[in-house]
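The values are calculated or read from the model by the stated rules, or taken from the named source; none is laboratory data. The structure displayed is predicted, hence computed values, not measured ones. Cβ coordinates were reconstructed from backbone atoms using ideal geometry, including for glycine residues, and neighbour counts include every protein chain displayed.
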Amino acid sequence: MPERTTTVVIGAGHAGLAASHFLRARAIDHVVLERGDVANSWRRERWDSLRLLTPNWQSRLPGHRYRGPDPDGYMTMGEVVEFIDHFAALSHAPVRTNTNVKSVHRTDDGYDVSTDRGEIRCRTVVIASGACNLPAVPRLHEGVPATVEQITPFGYRGAEALPDGGVLVVGASATGVQLAAEIQRSGRPVTLSTGEHVRLPRTYRGRDVLWWMEAARVWEERYDEVPDIDRARRLASPQLAGIRETLDINALCAMGVEPVGRAATVRDGELLFSGGLRNVISLADLKMDRLLTTFDQWAMTSQKDSDVKPPERFEPTRVPASTRLRLDLRSGEIRTIVWATGFRPDHTWLDVPVVDEKGHLNHDGGIVDSPGLYALGLPVLRRRKSTFIHGIEDDAREVIDHLTRYLAVRH
Amino acid sequence: MGCTVPTMTTIDSIDNGVNVQALLDAREAVRTAPEAAQFTWRSTTRWENGVHSTTTVKDYFGLGAEQNHKAPTTFTADHPETFAATDKGITPIEYLLVGLGSCLTAGVASVAQNRGIQLRSVEATLEGAHDIRGILGADSDVRNGFNGIKVTFTIDADASKEDIEALVAQSQKRSAVFDALTNPTDVTVDVA
C-alpha cells in the first residue's frame, strides 16, 4: 500500500521550506522530499567563492531573519546553508533527505509521487525543486575543438583548477562577470562574450542597489502587471557580486578582461562573435539610467531624498574602439571555455503535461495548469523578487492559500 | 514586416503611418502557428556586361503561400569609375547600407508608433569603412567586407533625448538587417 499524505513538497531549499512553513500553519498534513540534504544546491552546486547577491539584512524567511554582526555583508555559501538549515529546524519541516523523486503522475483524486524510497499518494504537490538545476549551454558548443576544455558553473569550483592560459567566459550575467573577474585575477587572461545583460551599480546614493529595489518597490511588481512576462522571466541576473564593489563591464575592462560580442557560431574551428556589442551595451546603460531615475523619483515623492546621498550617474560603459569578431580556437590562445549562459529547471520527472516545448512549466503565478499542482521559487513567479530568498515569503503564502482553498472545495 | 515587430501597446493619438496593431496581431498569430512565420525572400540577378548587373525582386514566400509584390522592382549594380567600371548603378556593398539604413529607419518608426512617440523627421546617414586591399588580394590579412559601419540618426520627435536613444537601440535589437550584418549567416552557393 502506498503511503498517503495531503501535500508533497518537492525540494527542501528555501522555497520548499517556506511552503512547509505555511502548510504547517494551516495544519495541512505534508512531507518535504529532498534528493540530498536541506539546501542541497547551495551545498553542492555552487563555486567556492560565491556569496549571496543580497545583503545580509535582506535575508529573511518567514519568522527567520539574519541577526549577525554584519548586516551589510553578503553570506558565503556555508552561511547560506546554515541560515536555511536553521529555518528548517525552527519551522519543524517534515523533511525526508536523500529521497529522490522519480516521477509524478496524475491520479483520479490527486498525484502519485514515486521516489527511490517508495510511493506516496497525495491530493496536492508543490514543486520547489529549483530554477537552476541544469546549465543552459548553446548548441554552438558542439563545434568547439576537443583541445579546448569546456565547463559550466556546475563543474567550476575555482580558477586554480583550470588549465593555465586564456579563458573565454560566455555570458555576462552575475555568474559570468563573477567568474570572469576571479579567473582574470588568477593570471589567466579572460575574454568575455557579452550578449544582452543587466548593468547595476553595487551602491547608489550611498545605499546598496538592492535596498533601492526593495524600498522603491520595484521588486514588488506583480507577474500579472509586468508588461512582458516572458521577457521578465528570461531576464539575465544583474551584474552584481557579493562584494561592496561594482562589477560591471567597465570594472572588468579595468582589470584587463577583453569584452567581445555575443558568441554567434563556431565555423571551421573559429568562434565568431556578433558585431552588435555596442548595441547591447547601450541598451544596458539606458535601462540602468531609467532604473536610477525611478529610484530618484521614488526618493523625491516619498520624502526620502534627505536620507540618502544626492543623485548620481555613472560613466557610460566604455566600449573598445574595435572588438574582435573572431577567435581561432585551434591557436591555443583559449584553453578553456566557461559557459555562463544561464540555467534551466529540470522537470523531466514530471509526467503531467504542463511543461512547454522549451521545458518551462505552464503556470499562472505558481498555480500550475493541472488541479492541485503548484510551483514556487521560479523567476518572477508572482513578483519580480520571487527568486530572491526574501521574495519567497509572499509567494509561498499566496500559493499555499490557493492550495488550502482548493482542498476545501474538493472535500 | 520583415524588419520589425515592436513590443507593448498601441497609442492611437499619434501617427507615424505604421500599423502597429497588424504587427501585434501577426505576432500573436505566429506564436500559435510558427509555420506561418517561415518566409523566403528572393531576388534574381542577371549579368549585363563587365561588373554591371540587373537584379529583379518580385515575389516571396510567406504566411504559408506564394506572395507577389505589387510590382517587380529592378536594381542596377555596377562599380564606379574609380574601379575602372561604367558606374551605371551603385556598388553591391552599398546595397548593404541601403538595406541597413531602411531597416533601422522602419524600426525607429514602428517602435515610436508603439511607444506613442510622434516623429517629425528621421534621417539616417550610413558610412561603411572599407579597406579594398582585401578584395584586390593585395593583403591577405585584410578582410573583404566592411571594417565597420557607422550609422548616425538625426531624429526630430516629441520625445526626450533618452527616449530617442532607446528607440534607436530597440530598432537595432529587432532589426533583420542589423542581425544579418552583425551575426554570421550560413550562405550556400550552388551551380544549378
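Looking only at segment A:216-234, count every residue that is of a type in the set (A, V, I, L, M, F, W, C) and away from chain B (no Cβ under 14 Å) and tell me the total.
Of the residues in that region, 3 qualify.
Between A:GLY391, A:GLY372, A:GLY342, A:GLY377, which is over 27 Å from A:TYR156 (Cα atoms) and under 17 Å from the mean Cα position of the chain (by Cα)?
Step by step, each of A:GLY391, A:GLY372, A:GLY342, A:GLY377 is checked, and only A:GLY391 is over 27 Å from A:TYR156 (Cα atoms) and under 17 Å from the mean Cα position of the chain (by Cα).
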A:GLU357 versus (1) closer than 27 Å to A:ARG231 by Cα; (2) in the same structural domain as A:VAL226 (by TED's automatic domain parsing); (3) of a type outside the set (Ser, Thr, Tyr): which is the lone unmet condition? (2)
Among residues of segment B:112-154, those that are of a type in the set (A, V, I, L, M, F, W, C) and outside any strand (DSSP E or B), counted: 8
Top-ranked residue in segment B:23-78 [being of a type in the set (Lys, Arg) and loosely packed, with under 14 Cβ neighbours inside 10 Å; ranked as farthest from B:ALA112 (Cα to Cα)]: B:ARG46
Right, B:ARG31: in contact with a strand residue (DSSP E or B) (Cβ under 7 Å, 6 or more places away or on another chain) and free of Cβ contacts under 8 Å to residues at least 24 places away in the same chain or not? no
Log entry, pairs with first residue in segment A:80-107 being on the phi > 0 side of the Ramachandran plot, second being acidic (Asp, Glu), beta carbons closer than 8 Å, six or more apart or on different chains, reads A:ASN98/A:GLU34; A:ASN98/A:ASP37
For segment B:141-179, what are the residues that are small (Gly, Ala, Ser), more than 8 Å from chain A (Cβ to nearest Cβ) and free of Cβ contacts under 8 Å to residues at least 24 places away in the same chain? B:SER160
Show the residue pairs that are 6+ apart or on different chains and have beta-carbon atoms under 7 Å apart, the first residue being within segment A:290-312 and touching a residue at least 12 places away in the same chain (Cβ under 8 Å), the second being among the small types (Gly, Ala, Ser) and surrounded by 14 or more Cβ atoms within 10 Å (Cβ to Cβ). A:THR294/A:ALA216; A:PHE295/A:ALA216; A:TRP298/A:ALA216; A:VAL308/A:ALA299
Residue satisfying condition, being within 18 Å of the chain's Cα centre (by Cα) and assigned to a strand (DSSP E or B), within set B:THR56, B:THR105: B:THR56
Leading residue by the ranking (farthest from A:ARG24 (Cα to Cα)) among those in segment A:73-126 that are surrounded by 13 or more Cβ atoms within 10 Å (Cβ to Cβ) and of a type in the set (Asp, Glu): A:GLU79
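Tell me, please, whether a residue that is within 10 Å of chain B (Cβ to nearest Cβ) and not hydroxyl-bearing (Ser, Thr, Tyr) can be found in segment A:290-303.
yes
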With the structure loaded, tell me whether A:VAL148 is in contact with a Leu (Cβ under 8 Å, 6 or more places away or on another chain), closer than 16 Å to A:GLY187 by Cα and in the same structural domain as A:ARG188 (by TED's automatic domain parsing) or whether it fails that test. no
Is segment A:324-343 home to any residue that is modelled with pLDDT under 95, assigned by TED's automatic domain parsing to the domain that holds A:ARG207 and loosely packed, with under 12 Cβ neighbours inside 10 Å? no
Residues in segment A:179-234 that are within 18 Å of the chain's Cα centre (by Cα), loosely packed, with under 15 Cβ neighbours inside 10 Å and assigned to a loop (DSSP other than H, G, I, E, B) total 1
Would you mind telling me which numbered condition in (1) touching a helix residue (DSSP H, G or I) at 6+ places or on another chain (Cβ under 7 Å); (2) within 14 Å of chain A (Cβ to nearest Cβ); (3) of a type outside the set (D, E, K, R) B:LEU126 fails? (2)
Scan segment A:248-286 for residues that are surrounded by 23 or more Cβ atoms within 10 Å (Cβ to Cβ), away from chain B (no Cβ under 14 Å) and out of contact with any strand residue (DSSP E or B) (no Cβ under 7 Å at 6 or more places or on another chain) and report the count. 1
Condition check for B:ASN183: modelled with pLDDT under 95, more than 16 Å from the chain's Cα centre (by Cα) and within 14 Å of another protein chain (Cβ to nearest Cβ): no
B:ALA112: passes all of (1) farther than 20 Å from B:LEU181 by Cα; (2) of a type outside the set (Ser, Thr, Tyr); (3) in contact (Cβ under 8 Å) with a residue 24 or more places away in the chain; (4) out of contact with any Leu (no Cβ under 7 Å at 6 or more places or on another chain) but (4)
Close pairs from segment A:1-19: first in contact (Cβ under 8 Å) with a residue 12 or more places away in the chain, partner in a strand (DSSP E or B) and of a type in the set (Lys, Arg), Cβ under 6 Å, at least 6 apart: A:PRO2/A:ARG121; A:ARG4/A:ARG121
Out of (1) among the basic types (Lys, Arg); (2) more than 27 Å from the chain's Cα centre (by Cα); (3) not in a strand (DSSP E or B), what's the single condition that is false for A:ARG157? (2)
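Going through A:VAL280, A:VAL319 one at a time, which residue ends up being among the hydrophobic types (A, V, I, L, M, F, W, C) and within 24 Å of the chain's Cα centre (by Cα)?
Going through A:VAL280, A:VAL319 in turn, the sole match is A:VAL280.
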